[in-house]
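> Take this structure first; my questions come after.
The values are calculated or read from the model by the stated rules, or taken from the named source; none is laboratory data. Every value quoted in this text rests on a predicted model; they were computed, and no experiment measured them. Please note: Cβ atoms are built from the backbone with ideal geometry, for glycine as well, and neighbour counts cover all protein chains shown.
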Amino acid sequence: DIPAVGFFGGVHGLERIGAEVVMAYLQNIVMRLHWDTTLHQQLEHVRMVFMPIVNPGGMWAATRANPNGVDLMRNAPIDALDRVPFLMGGQRLSAGLPWYRGRLGDPMEIENQAVCEVVRTELLARPFSLALDCHSGFGVRDRLWFPFAHTRRPIAHLNELHALKQIFLQAHSHHPYIIEPQSAQY
């Protein structure tokens, strides 16, 4: 089996740029298929998976949440192990407030179930996989986050992430990104 890379966007409907980035990259790949023999060779060694709009209902309504009022980034069956910022870390008070996680005990929203199915079958079943979830930015500095948001405990593959970070820094020495675990902000 070959490694896989997943490209996801449009988790938050009002963050159109993430979906646009994923769709533009997919369009670039498709257009190059007609003439780029090197791309054909590369695709023999890596599987590419695209889900450019995870939250089509939120995208249609230009809202952060899905049509049920649930913020898909906070709709997980796992609770944070550490203290998280009030509201922004996710809340179950009301869909009328931002960052609503959904009702306690309810299954994940259908959009998240679809993402999990794609990740389970197309990424995790491979010897190596990487998922990139594109959003529109956070705060005044752009960030590249790696897992996890629910705990500050380092992930099992931290060494590999630092190696990827070094490769990125060598290739893009003047980038504006802060590369950090998501838990540094949440």
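> Among the residues of the stretch 28-56, which ones are in contact with a strand residue (DSSP E or B) (Cβ under 7 Å, 6 or more places away or on another chain) and more than 26 Å from D142 (Cβ to Cβ)?
R47
Every residue, every condition in (1) at pLDDT 95 or above; (2) out of contact with any Cys (no Cβ under 7 Å at 6 or more places or on another chain); (3) surrounded by fewer than 17 Cβ atoms within 10 Å (Cβ to Cβ); (4) closer than 30 Å to Q91 by Cα, yes or no:
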position	(1), (2), (3), (4)
V11	yes, yes, no, yes
A19	yes, yes, no, yes
A24	yes, yes, yes, no
V30	yes, yes, yes, no
M48	yes, yes, yes, no
G57	yes, yes, yes, yes
W60	yes, yes, yes, yes
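> Among the residues of the stretch 96-122, write down those that are under 19 Å from V54 (Cα atoms) and either in contact with a His (Cβ under 9 Å, 6 or more places away or on another chain) or part of a loop (DSSP other than H, G, I, E, B) (or both). Show your work before the answer.
Step one: list which residues in the stretch 96-122 are under 19 Å from V54 (Cα atoms), which gives 98-102, 107-122.
Passing the criteria: P98, W99, R101, G102, P107, M108, E109.
> Let me ask something else. Looking at the stretch 116-127 only, could you name the residues that are within 16 Å of L72 (Cβ to Cβ) and either at pLDDT below 95 or polar (S, T, N, Q) (or both)?
none
> Follow-up. Could you run through the stretch 86-95 and say how many residues are touching a residue at least 40 places away in the same chain (Cβ under 8 Å) and outside any loop (DSSP other than H, G, I, E, B)? Show your work before the answer.
Initial filter on the stretch 86-95 (touching a residue at least 40 places away in the same chain (Cβ under 8 Å)): 88-89.
Restricting the remaining residues to those that are outside any loop (DSSP other than H, G, I, E, B) gives none.
The total comes to 0.
> Can you pull out every residue in the stretch 128-144 that is in a loop (DSSP other than H, G, I, E, B) and under 10 Å from the mean Cα position of the chain (by Cα)?
Within the stretch 128-144, H135 is the sole residue that qualifies.
> Only one of P154, P176 is outside any helix (DSSP H, G or I), in contact (Cβ under 8 Å) with a residue 12 or more places away in the chain, out of contact with any strand residue (DSSP E or B) (no Cβ under 6 Å at 6 or more places or on another chain) and farther than 25 Å from P77 by Cβ; which?
Exactly one residue qualifies, and that residue is P176.
> Got at least one residue in the stretch 14-27 being in a loop (DSSP other than H, G, I, E, B), of a type outside the set (A, V, I, L, M, F, W, C) and either closer than 26 Å to R120 by Cβ or in contact with a strand residue (DSSP E or B) (Cβ under 7 Å, 6 or more places away or on another chain) (or both)?
Our first condition is that a residue be in a loop (DSSP other than H, G, I, E, B); within the stretch 14-27, this holds for 14-15.
Of the ones still in play, those that are also of a type outside the set (A, V, I, L, M, F, W, C) are 15.
Now drop any that are not either closer than 26 Å to R120 by Cβ or in contact with a strand residue (DSSP E or B) (Cβ under 7 Å, 6 or more places away or on another chain) (or both), which leaves 15.
Yes, the stretch 14-27 has at least one match.
> Same structure again: Filter the stretch 106-126 for residues that are polar (S, T, N, Q) and either in contact (Cβ under 8 Å) with a residue 60 or more places away in the chain or more than 12 Å from R47 (Cβ to Cβ) (or both) and give the result.
Once the filter is applied, which keeps residues that are polar (S, T, N, Q) and either in contact (Cβ under 8 Å) with a residue 60 or more places away in the chain or more than 12 Å from R47 (Cβ to Cβ) (or both), the stretch 106-126 yields N112, Q113.
> What tally of residues in the stretch 128-144 results from selecting those that are closer than 19 Å to G90 by Cα and modelled with pLDDT of 85 or more?
The number of residues fulfilling the criteria is 3.
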